[in-house]
Amino acid sequence: MSRKNEIATHDRDPGDAVTDVGLDDGYAAVKLAWFDKAGAMRTLSVPSRAREGSLGIGAFKDEGMVGGYETEGRRFTVAPGIEGSNTRFPDYNMSALARVLSHHALILAGFAGKSVRLGSGLPLDRYFRDGKRNEDRINRKIESFAHPVRILSGEEPVRIVRHEVFAQGLAAAVDWFYDGKTLKSQEGPVGIVDIGGQTTDLSVILPTLKTDHKHVSTCELGVLDVHEVLKRRILSVHKVDDIPADALDRAMATGNIRLWGKDVPVHRECEEAVREVESQLENRIRAVFGKGISSLEGLLFVGGGALVFRGLPAAFPNAVLPEQPEFANARGILKSLALSGVQ
């Protein structure tokens, strides 16, 4: 289910406490899950939005949301309001961009200068190959995160002392079935619909918490597709030249967009964009699970897209929508670290 590796890029004081952190480094947002000193689970979501190059701003300005970083000789800036580099490219999860965005999220969570035991994920079609773990790709992600990330303002970096990679979707199932102490009983297989920014992972998890590889599929549809459709519609209807990504986020959240110094309602455009992609996703779900979909004990909808495509769960009588589904993979990866017995 996972691959672990020691990271020797930073020296660590033997007395330094190590915190387990579950990382879901998505195309649209980076999500984290960890336990605080009181034992309560904490979560954080940060948009996957950074631009290569230094924009002349240091780290931790503007309430800590701005960061300047360097890795492998390349500089990146993370800041609210900037038009970030495109994350929709092959091997994004092994890129310098994903590495910087992940470190930025870890720093915002308070892990600058601290040691973490990191768990991260890969989409199912990248984690598995021909029904077996894709060791080459898993190792490449571990090796990518082994490259140091320097904070340009001089703060201490995050110290990743160990990194383990898990299968997304399966991690979401672990989150659902494992409460941190015991596993829920499972009478039959459960379907997982993990809707992210770029992709949607579809899988069937057996009562043994193993993946049924006959029903594993990753389709190139997600929340960012809604953003693309919405952007085209707004450009056409309102006759503007461009719309930044953060304005699309606001439009999806509020139904309004700021144009020409005014709030302009775009509820209809948002609904139409969601319906267009949602229809494609429903067709894909039915095609992958086939006639056996009604025999599944449940159809678990997770990922940030589970909040966007609200009509999907309503289309399936056995649908289950967990609390804060966008953090399901990060929580499941955190729990998987404990289950894997990493020391």
Out of all the residues in the range 97-113, is one or more in contact with a Lys or Arg (Cβ under 7 Å, 6 or more places away or on another chain) and either free of Cβ contacts under 8 Å to residues at least 60 places away in the same chain or surrounded by 15 or more Cβ atoms within 10 Å (Cβ to Cβ) (or both)? no
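A quick yes/no check of all residues on (1) of a type in the set (Ser, Thr, Tyr); (2) touching a Cys at 6+ places or on another chain (Cβ under 6 Å); (3) under 30 Å from ARG51 (Cβ atoms):
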site	(1), (2), (3)
HIS215	no, no, no
LEU224	no, no, yes
LEU248	no, no, yes
ASN256	no, no, yes
ASP263	no, no, yes
CYS270	no, no, yes
ARG275	no, no, no
ARG284	no, yes, no
GLY290	no, no, no
When you check ASN93 against the structure, is it on the phi < 0 side of the Ramachandran plot, polar (S, T, N, Q), modelled with pLDDT under 95 and buried (at least 20 other Cβ atoms within 10 Å of the Cβ), yes or no? yes
Conditions (1) modelled with pLDDT under 95; (2) among the aliphatic types (A, V, I, L, M); (3) under 27 Å from GLU83 (Cβ atoms); number of the one not met by ALA314: (3)
I'd like to verify a number: residues in the range 78-121 that are assigned to a loop (DSSP other than H, G, I, E, B) and more than 14 Å from ALA33 (Cβ to Cβ), how many? 17
Of the residues GLU143, GLU155, GLU83, only one is among the charged types (D, E, K, R) and more than 22 Å from SER45 (Cα to Cα); which? GLU143
Wholly inside the range 211-297, strands (runs of 3 or more DSSP E) that include 2 or more residues that are surrounded by 14 or more Cβ atoms within 10 Å (Cβ to Cβ) and touching a residue at least 24 places away in the same chain (Cβ under 8 Å) are 217-219
Residues located in the range 286-343, provided they are of a type in the set (Gly, Ala, Ser) and over 30 Å from ARG117 (Cα atoms): ALA287, GLY290, GLY292, SER294, SER295, GLY298, GLY311, ALA314, ALA315, ALA319
Positions within the range 120-148 being within 24 Å of GLY68 (Cα to Cα) and either of a type in the set (Gly, Ala, Ser) or surrounded by fewer than 23 Cβ atoms within 10 Å (Cβ to Cβ) (or both), in sequence order: SER120, ILE142, GLU143, SER144, ALA146, HIS147, PRO148
Considering only the range 112-132, state which residues are of a type outside the set (Val, Ile, Thr) and under 20 Å from LEU334 (Cβ atoms). ALA112, LYS114, SER115, ARG117, LEU118, GLY119, SER120, GLY121, LEU122, PRO123, LEU124, TYR127
Conditions (1) more than 19 Å from the chain's Cα centre (by Cα); (2) within 17 Å of GLY22 (Cα to Cα); number of the one not met by ALA167: (1)
Tally of residues being acidic (Asp, Glu), part of a loop (DSSP other than H, G, I, E, B) and within 17 Å of SER120 (Cα to Cα) across the range 138-158: 0
Restricted to the range 201-210 and to residues being out of contact with any Pro (no Cβ under 9 Å at 6 or more places or on another chain) and touching a residue at least 40 places away in the same chain (Cβ under 8 Å), the residue nearest to VAL274 (Cα to Cα) is LEU202
Taking the criterion of being charged (D, E, K, R) and at pLDDT below 85, would at least one residue in the range 108-119 satisfy it? no
If LYS184 satisfies all but one of (1) in contact with a Phe, Trp or Tyr (Cβ under 8 Å, 6 or more places away or on another chain); (2) surrounded by fewer than 18 Cβ atoms within 10 Å (Cβ to Cβ); (3) in contact (Cβ under 8 Å) with a residue 24 or more places away in the chain, what's the number of the condition it fails? (3)
Please pick out the residue among SER54, SER2 that is surrounded by 14 or more Cβ atoms within 10 Å (Cβ to Cβ) and modelled with pLDDT under 60. SER2
Filter the range 96-107 for residues that are more than 14 Å from GLU155 (Cα to Cα) and either at pLDDT below 95 or of a type in the set (A, V, I, L, M) (or both) and give the result. ALA96, LEU97, ALA98, VAL100, LEU101, ALA105
I'd like to verify a number: residues in the range 159-181 that are crowded, with 17+ Cβ neighbours inside 10 Å and either part of a loop (DSSP other than H, G, I, E, B) or touching a Cys at 6+ places or on another chain (Cβ under 7 Å) (or both), how many? 2
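The values are calculated or read from the model by the stated rules, or taken from the named source; none is laboratory data. As the structure is a computational prediction, the values presented were derived from the model and not from experiment. We place every Cβ from the backbone using ideal geometry, glycine too, and count neighbours over all the protein chains shown.
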